[in-house]
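Novice: Mind having a look at this structure? Questions to follow.
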Amino acid sequence: MARYDGVGFRVWRHDPDDPASLPGNVLQVLYVDARNRIWVASEGGGVSVMDADRTGFHHFRKAQYPQMESDEVFAIAGRGDEVWFGTYGGGLYRVDAQDNVRRLRSSEPEVNAVVDRAIMALAFDDRGDVLVGTLQGLVRCVGKRVQRLALPGETPWAPVVSLWREGAATWIGTSRGLYRLHDDGRWNTPAWAAEFKGKQTVTAMADDGDGGYWIATTDGLWRVRGGTAPTAVTHETRALGVNSAGAGAAAPGRRGAVGRAAFARPRLPAFGLAAHGGARREPWPARRPVSRHRAGRARRGMAGGQHRHHRVARYHDRRRQRTARRAGGHASQRDPRGPQRQVVAGPWQRPDPDRPRQRTDAALDQRRVDRRDAAGGDQLAAARQRRQPVAGRVRRRPAAA
């Protein structure tokens, strides 16, 4: 767990030699209560709380609290001095101001079976009631009563994976769709919410500051602007994470921007807002436009590497001519680079600029002779007497008038 104070990070990690450290480094949910205490659940480590002085953690686990039946905690929420947490396979619990742990049960065995299986999300409404999201539908806790609450539509007991509060209403993300429940009991769901089901199950939500929403699903991140159709923001499987109902996993930043990070839950599909550090890529153009210059080269059979090879060859021809004129000989009679390897270039080939030029001992000796002859005597006459025409293309000097 890391905390950023505007200057740097302070990190808390698991230390086997320190019993007041985190019980593990794989964290599943984070919550800050009204007393500025930090509640955190680690994988298989129960619930740990750190006081406002940030000196160490106090742990709530089965070993210390026999009333707990599971150390896998997936949801934490609070109201005043009370903190509630839901477990996987262990039921629903409440911690009071004196750190006493109590398990909440219903008088109906059917409701207890639903709550004891798995609790995925928790949320408090303005009246103090608690909404509990389970893998077998929605449960409401009113006072000491714990009862099931049917969802609208054909699947009233669909798995609930996320709960998010907005004003006097609660958004409910399920595998069968996204719903909005007002505190007075009315169901009011916009038309665009019907798209978020199945592979696009909503795992976290946040407002964007402009009347729209950021929506994290198991299929990516989406944005809804002012009631319009949802727009995909990220690619598939890149908006996964852990939903913290009370802590606000989908927390907007400045001007409605959303901070995103990747998480995953053990043995369950990933839930919550997450992201990667890249924006959505636009598709590449279907074909690069062809200029008139490139089209002309293609018609002459000089496209690609073949054109580059001819251009390099012309450059070295001009260089040999300049060097021969300075030495007083003809360009065809003198190659300052010495014998060269043969290069057969096609449209798919190009000369290797990193390969060194090959010179023979005879070529080096000839260069030494040229320098010695140029140092004294008639340079032009010495060059004409010494040089013989080479095989291949020969460019002859015009006869003197």
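The values are calculated or read from the model by the stated rules, or taken from the named source; none is laboratory data. Keep in mind it's a predicted model, so treat the numbers as computed, not measured. Note that we place each Cβ from the backbone using ideal geometry, even for glycine, and neighbour counts take in every protein chain shown.
Novice: If a residue must be modelled with pLDDT of 90 or more and either farther than 16 Å from Asp125 by Cβ or out of contact with any strand residue (DSSP E or B) (no Cβ under 9 Å at 6 or more places or on another chain) (or both), how many such residues does segment 68-88 contain?
Specialist: Of the residues in segment 68-88, the ones modelled with pLDDT of 90 or more are 68-78, 82-88.
Checking the rest, the ones that are also either farther than 16 Å from Asp125 by Cβ or out of contact with any strand residue (DSSP E or B) (no Cβ under 9 Å at 6 or more places or on another chain) (or both) come to 68-74, 76, 83, 85-88.
Total meeting the criteria: 13.
Novice: When residues of segment 125-136 are filtered for being assigned to a strand (DSSP E or B) and more than 32 Å from the chain's Cα centre (by Cα), how many remain?
Specialist: Let us first name the residues in segment 125-136 that are assigned to a strand (DSSP E or B), namely 130-134.
Right, trim to more than 32 Å from the chain's Cα centre (by Cα) and you get 130-131.
Here the count works out to 2.
Novice: Restricting the search to segment 184-208, which residues are touching a Lys or Arg at 6+ places or on another chain (Cβ under 6 Å) and more than 18 Å from Gly227 (Cβ to Cβ)? I'd like the intermediate steps shown before the answer.
Specialist: Of segment 184-208, the ones touching a Lys or Arg at 6+ places or on another chain (Cβ under 6 Å) are 188-189, 197.
If the condition is that a residue be touching a Lys or Arg at 6+ places or on another chain (Cβ under 6 Å) and more than 18 Å from Gly227 (Cβ to Cβ), then Lys197 is the only one that fits.
For (1) closer than 14 Å to Leu131 by Cα; (2) of a type in the set (Asp, Glu); (3) touching a Cys at 6+ places or on another chain (Cβ under 7 Å); (4) part of a strand (DSSP E or B), each residue gets a yes or a no:
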residue: Leu151; (1), (2), (3), (4): yes, no, no, no
residue: Val161; (1), (2), (3), (4): yes, no, no, yes
residue: Arg180; (1), (2), (3), (4): yes, no, no, yes
residue: Asp184; (1), (2), (3), (4): yes, yes, no, no
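Novice: Right, another one. In this structure, does Arg148 turn out to be surrounded by fewer than 17 Cβ atoms within 10 Å (Cβ to Cβ), in contact with a strand residue (DSSP E or B) (Cβ under 6 Å, 6 or more places away or on another chain) and not acidic (Asp, Glu)?
Specialist: Details: surrounded by fewer than 17 Cβ atoms within 10 Å (Cβ to Cβ): no; in contact with a strand residue (DSSP E or B) (Cβ under 6 Å, 6 or more places away or on another chain): yes; not acidic (Asp, Glu): yes.
It is false that Arg148 is surrounded by fewer than 17 Cβ atoms within 10 Å (Cβ to Cβ), in contact with a strand residue (DSSP E or B) (Cβ under 6 Å, 6 or more places away or on another chain) and not acidic (Asp, Glu).
Novice: Right, something else. Scan the strands (runs of 3 or more DSSP E) fully inside segment 8-66 and keep the ones with 1 or more residues being crowded, with 19+ Cβ neighbours inside 10 Å and in contact (Cβ under 8 Å) with a residue 12 or more places away in the chain. Show your work before the answer.
Specialist: Values: elements: 9-11, 27-32, 38-42, 47-50, 57-60.
Qualifying strands (runs of 3 or more DSSP E): 27-32, 38-42, 47-50, 57-60.
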